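First up is the structure itself, then whatever we jot down about it.
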Amino acid sequence: MICPHCAAGLTAKERTGFVCSRCDRPFALDPRSHGRGMNDLRIRRIAAHATDGGRRKVTVTQLWYLSRTFSGTWGPSPARGVRPLVRWLVALPLALPLFILSARADGAWSTLSGAAALALVAAATLRKRTPARPGGSLITPYESRFRELMEDRWRTTYGQLPPGVVDDGPHAPALPESPVGRPVVVLLCTDHAVAVFLRANGIPARLKALLVEAEPAVAHDALADVPGGLPVVVLHDASALGALLAPLLRLAHPDRVVLDAGLPVAAVRHRRGAVHRVAPPRAVDAADLRSVAGLSEEDAVWLAEGFWSPLAAVPPARLESVVTEAVERATAAGPSDLRAAHGFLTWPAGEPTTLTGETSAGTSSAGTPSRTKGAQAG
C-alpha cells in the first residue's frame, strides 16, 4: 500500500495500527482490513474528481457508488426438485413390495428386488429440493460498511469527510434551504441523495426552482401545496414507479408542463458501467409500463422483474448539467409540447441532456458483474 502522506510503499508490517512506519502519520483505510480498493489515495482521487477539486459538493451516497469495486445482479431462479412429502408418497408404495419380494424370493430375484428398493429409498432421501430464489444484487463495499468507514475511520483520522463530501445519511442534519425568491419551476426529486446534492450546491436557488422531495408513491400529494401553473421537472431512478411517475402526473395535471428528466431505463439497461440493482417486484406489470410509460417490451419486463438503476449513481457533473438543461427546457415549453411522454426518455440520441454518463463500475447487463476500472487494492 502507498502511504497517503509520504508516498512510501508499505508492507503489511510497516502499516500496523493504521500508522505509516516511515513518517509516523496515521491513515484511515487499509485494503487488507477494509477490502480491495479501500485506501486513502483512491478515495481522495475519486472525491477530488467528483467534486472538481472541492468546488462541487457530492454526497456520501454518490461517493459510495463512484468508489465501489464490484457490482453485480442476478435474476430469480425457480424451485427445483420434488417436495419431500411427494417423494415419499411415491417411493414408499413402490419400495415396500420390493422389500417384501426380496425377503421371500431366492437368488437373483432377491438381490435385484432388494437393490431396487434401496435405490428408491436412496433417491427419495438424497434428492433434495432447492427452493425458489428471488433476484438480488451486490455492491462492494456494502453501503452500510462504506458509511461506517467514512464516519468512523475517515472522520477519526482527518476530522472531517473528504473535501466537498457532505453526509446524507439518516442521522445527518438537514441542509438549510437557500432562498429561492419567486420560483419559476418545480424540481420533484424522488431520490434523497440527489435532493441533498442539489441543496448542497445551491442549484434550486440558482435555477429559481422549488425543490420538492417525495417518494414516487406520494409524489402527487406532494404537489398539492405547490403553486399552480409552475412547470414540473421530475427526477427519478430508472425504476418501475419512476417510469410511471411523469406520465401519471401529466394525466393528473393536464394544465402543467411535466418534463421527465429522470434516468431512462433504455440508457442504463445494457450500458457498461451503469449500476444495476434489484428490489422486490412491485405491483406493476410490464403491460402497464408499456402502455403508460411507452417502454419497449424488454425494458418493461426488466423493470417489472424488480431491476432498477439509481439516479444517484450518475456522475455528479453530468447530473448537474442535466438538471440545468431540463429546467431551461421546461420553462420554455408549453403543456402541449411535452404531452406524449416527452423528456429525456424520448429525446433524440444526439441530445446532450440524456443521462448516459459513464460511472466507474457496475453491470453491463442483468446477471453480468463487472469490476471498477483501475481499482487499486493497495
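Read the figures in this text as sums done on the coordinates, not as results from a lab. Predicted, not measured: the structure shown is a model, and the values here were computed from it. No Cβ is skipped: glycine too gets one built from the backbone with ideal geometry, and neighbour counts run over all protein chains shown.
What is the Cα radius of gyration of the stretch 1-76 over 2.2 N^0.38 Å, N being its residue count?
Here the answer is 1.30, to two decimals.
Express the relative contact order of the stretch 1-71 as a whole percentage, based on alpha carbon pairs under 8 Å and six or more residues apart in sequence.
That works out to 20 percent.
Would you give the gap between the C-alpha center of the stretch 201-268 and the C-alpha center of the stretch 155-185, rounded to a whole Å?
22 Å
Percent of Cα-Cα pairs more than 12 Å apart in the stretch 84-126, please.
53 percent
Putting +1 on Lys and Arg Cβ atoms and -1 on Asp and Glu Cβ atoms, find which of Leu94, Ala108, Phe27 reaches farthest to the positive end of the dipole of the stretch 21-118.
Value: Phe27.
Taking a ≥ b ≥ c as the square roots of the Cα gyration tensor eigenvalues, with a/c under 1.5 meaning rounded and otherwise prolate when a/b beats b/c, else oblate, which class fits the stretch 222-285?
Because a/c hits 1.5 or more and a/b exceeds b/c, the stretch 222-285 counts as prolate.
What list of ³J(HN,Hα) couplings, whole Hz, do you get for the stretch 290-298 from phi and the Karplus terms 6.51, -1.76, 1.60, once you set θ to phi - 60° and write x for glycine and proline?
Residue by residue, the stretch 290-298 yields 6, 6, 8, 8, x, 7, 6, 4, 5 Hz.
If you average the sequence gap of Cα pairs under 8 Å that are 6 or more apart and divide by the length of the stretch 84-126, what percent do you get for the contact order?
Contact order relative to length: 46 percent.
Which far-off residues, 5 or more places away or on another chain, put their amide H under 5 Å from the one on Val232, with H placed in the peptide plane?
Val186, Val257, Val258, Leu259
Taking θ = phi - 60°, what integer Hz values does the Karplus form 6.51 cos²θ - 1.76 cosθ + 1.60 yield along the stretch 102-114, in sequence order, with x for Gly and Pro?
5, 6, 9, 7, 10, x, 5, 4, 5, 5, 5, 5, x
Enumerate the calculated ³J(HN,Hα) couplings along the stretch 317-331 in order (Karplus 6.51 cos²θ - 1.76 cosθ + 1.60, θ = phi - 60°), each rounded to whole Hz, writing x wherever the residue is Gly or Pro.
4, 5, 4, 4, 5, 5, 4, 4, 5, 5, 5, 4, 5, 5, 6
Given H placed 1.01 Å from N in the peptide plane, which residues other than close sequence neighbours of Ala238 have an amide H under 5 Å from its amide H?
For Ala238, the qualifying residues are Leu263, Ser309, Leu311.
Find the Cα radius of gyration of the stretch 144-205, compare it with 2.2 N^0.38 Å by division, and give the number to two decimals.
Normalised Rg, Cα atoms only: 1.35.
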